[in-house]
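The values are calculated or read from the model by the stated rules, or taken from the named source; none is laboratory data. For clarity, every value in this text was computed on a predicted model and none was experimentally measured. Positions of Cβ are backbone-derived with ideal geometry, glycine not excepted, and every protein chain shown enters the neighbour counts.
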Amino acid sequence: MEIIEILLIAFGLAMDAFAVSLSAAATGIITSKRAIFRLSFHFGLFQFLMPLIGWFAGARLIPLISSFDHWIAFFLLQFVAIRMIFAGVKENKESFKNDPSRGSSLVMLSVATSIDALSVGFSLAMVNINIWYPSAIIGLVTAILSIIGIRLGNLFSQKLGKMMEIVGGIILSGVGIHILIV
């Protein structure tokens, strides 16, 4: 897998975390350097760990499904992409009531924004890709985009965050189509 493909996957996966970071910052709750670090670090950490978990689960199943594994990878990525696009289109009137950079809110947001990475890790196992390098890139890109999202949150509305989820979904869909074609 080439670096461009890994970066496309990383940017696609990081859009959820970017959108949440943008929304959290737009509420004015995430202002201190510590809060910015906590949120971006945990989003990056979970985005690093989830593909690993998915890959190790998928690697055990490969001998059983090797003849159609590219289709599984394609459908998983399409599922994730469609979910992201619908989440970007759907009206969400919720706002953050508690500090999202602390406690159970932080853990729940970290899991929620990285659950898609679990499927991607599983998909990468299906196409026999070593997971360590992509996972590190995914985690790093997510942490950086989370910081950028937080910084931009006070400048832009929450609608930009929704648009980024749609863009992320489109990118993942393209990666899925590429896996099917190649």
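What the table shows:
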{"item": "Which numbered condition residue 133 fails, given (1) among the hydroxyl-bearing types (Ser, Thr, Tyr); (2) at pLDDT 90 or above; (3) within 11 Å of residue 46 (Cα to Cα)", "result": "(3)"}
{"item": "Residues being over 14 Å from residue 109 (Cα atoms) and modelled with pLDDT of 95 or more - total across the stretch 12-50", "result": "3"}
{"item": "Near pairs, Cβ below 6 angstrom, 6+ apart or cross-chain, from the stretch 28-56 (among the basic types (Lys, Arg)) to any residue that is not in a helix (DSSP H, G or I)", "result": "38/101"}
{"item": "Residue under evaluation residue 96, criteria (1) at pLDDT below 85; (2) in a helix (DSSP H, G or I); (3) of a type in the set (Phe, Trp, Tyr), criterion not met", "result": "(2)"}
{"item": "Residue match in the stretch 99-119 (condition: hydrophobic (A, V, I, L, M, F, W, C) and either over 16 Å from the mean Cα position of the chain (by Cα) or modelled with pLDDT under 80 (or both))", "result": "no"}
{"item": "Filter result (small (Gly, Ala, Ser), within 19 Å of residue 48 (Cα to Cα) and at pLDDT 75 or above) within the stretch 136-181", "result": "136, 139, 143, 146, 149"}
{"item": "Residue in the stretch 59-72 that is within 20 Å of the chain's Cα centre (by Cα) and surrounded by fewer than 24 Cβ atoms within 10 Å (Cβ to Cβ) present", "result": "yes"}
{"item": "Residue in the stretch 46-53 that is under 30 Å from residue 103 (Cβ atoms) and in contact with an Asp or Glu (Cβ under 6 Å, 6 or more places away or on another chain) present", "result": "no"}
{"item": "Complete set of residues in the stretch 24-51 that are more than 14 Å from the chain's Cα centre (by Cα), surrounded by fewer than 24 Cβ atoms within 10 Å (Cβ to Cβ) and in a helix (DSSP H, G or I)", "result": "26, 33, 34, 35, 36, 37, 38"}
